[in-house]
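Participant: Okay, handing you the structure first.
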Amino acid sequence: MDREGRSILMVMGGSIRPAAETGARAWPRRVQAEFLRRVSEPTKLVLPFLMLFVSSCGRNEKISDIPPSAREPATMAQIANFKFAIEQFEADCGRFPSTAEGLNALVMRPADIPEVRWHQYLERIPKDAWGRDFVYRCPGSHNTNGFDLFSYGRDGPSKAGGESGIHLKNWY
């Protein structure tokens, strides 16, 4: 470091040399700090999804192992995974799973779908981050040409009924 707070070493061609030797201008510390802050911000957004991916790789995962602050992002990532699998089912089979078939159609072949058009889209149907089942409806009341998929979130279904308890969903 020089007296003005600038880095005096530069990496050039795999070796570390003083900045004066390389002819490069050293970046002030505040610029370096700002760069690191901007690079680390997206990492904070991706980290919960990465945690979900790593935790879902094991078969003996426990709901209690998911930190409370990561439960909503983890559940939204699960909804995104379901959405992708359901869209693949629709592309292969020509329709979405019915409400009666539910998400189980992604694990076990429905009777009216020929074996050559279906494959297993998921190994199992996971629960949301609070240990509750996801709710699937087709046709959806919000996505009338598609499906609704949602979780009631931390508080569970509303005691009054209806959709007031829905927190995490595939529609906006």
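The values are calculated or read from the model by the stated rules, or taken from the named source; none is laboratory data. All of these numbers come straight from a predicted model, not from anything done at the bench. Backbone-built Cβ (ideal geometry, glycine too); neighbour counts: all protein chains shown.
Participant: Which condition does ARG38 not pass, out of (1) among the basic types (Lys, Arg); (2) modelled with pLDDT of 60 or more; (3) part of a loop (DSSP other than H, G, I, E, B), if it passes all the others?
Facilitator: Of everything listed in (1) among the basic types (Lys, Arg); (2) modelled with pLDDT of 60 or more; (3) part of a loop (DSSP other than H, G, I, E, B), ARG38 misses just condition (3).
Participant: So, ILE125, is that one touching a Leu at 6+ places or on another chain (Cβ under 7 Å) and without any contact (Cβ under 8 Å) to a residue 24 or more places away in the chain or not?
Facilitator: Against the criterion (touching a Leu at 6+ places or on another chain (Cβ under 7 Å) and without any contact (Cβ under 8 Å) to a residue 24 or more places away in the chain), ILE125 qualifies.
Participant: On to the next question. Do you know which residues across region 97-122 are closer than 18 Å to SER151 by Cα, surrounded by fewer than 15 Cβ atoms within 10 Å (Cβ to Cβ) and touching a residue at least 24 places away in the same chain (Cβ under 8 Å)?
Facilitator: THR99
Participant: (1) surrounded by 15 or more Cβ atoms within 10 Å (Cβ to Cβ); (2) at pLDDT 90 or above; (3) not basic (Lys, Arg): which one isn't true of ALA77, the others all being true?
Facilitator: Every condition holds for ALA77 apart from (2).
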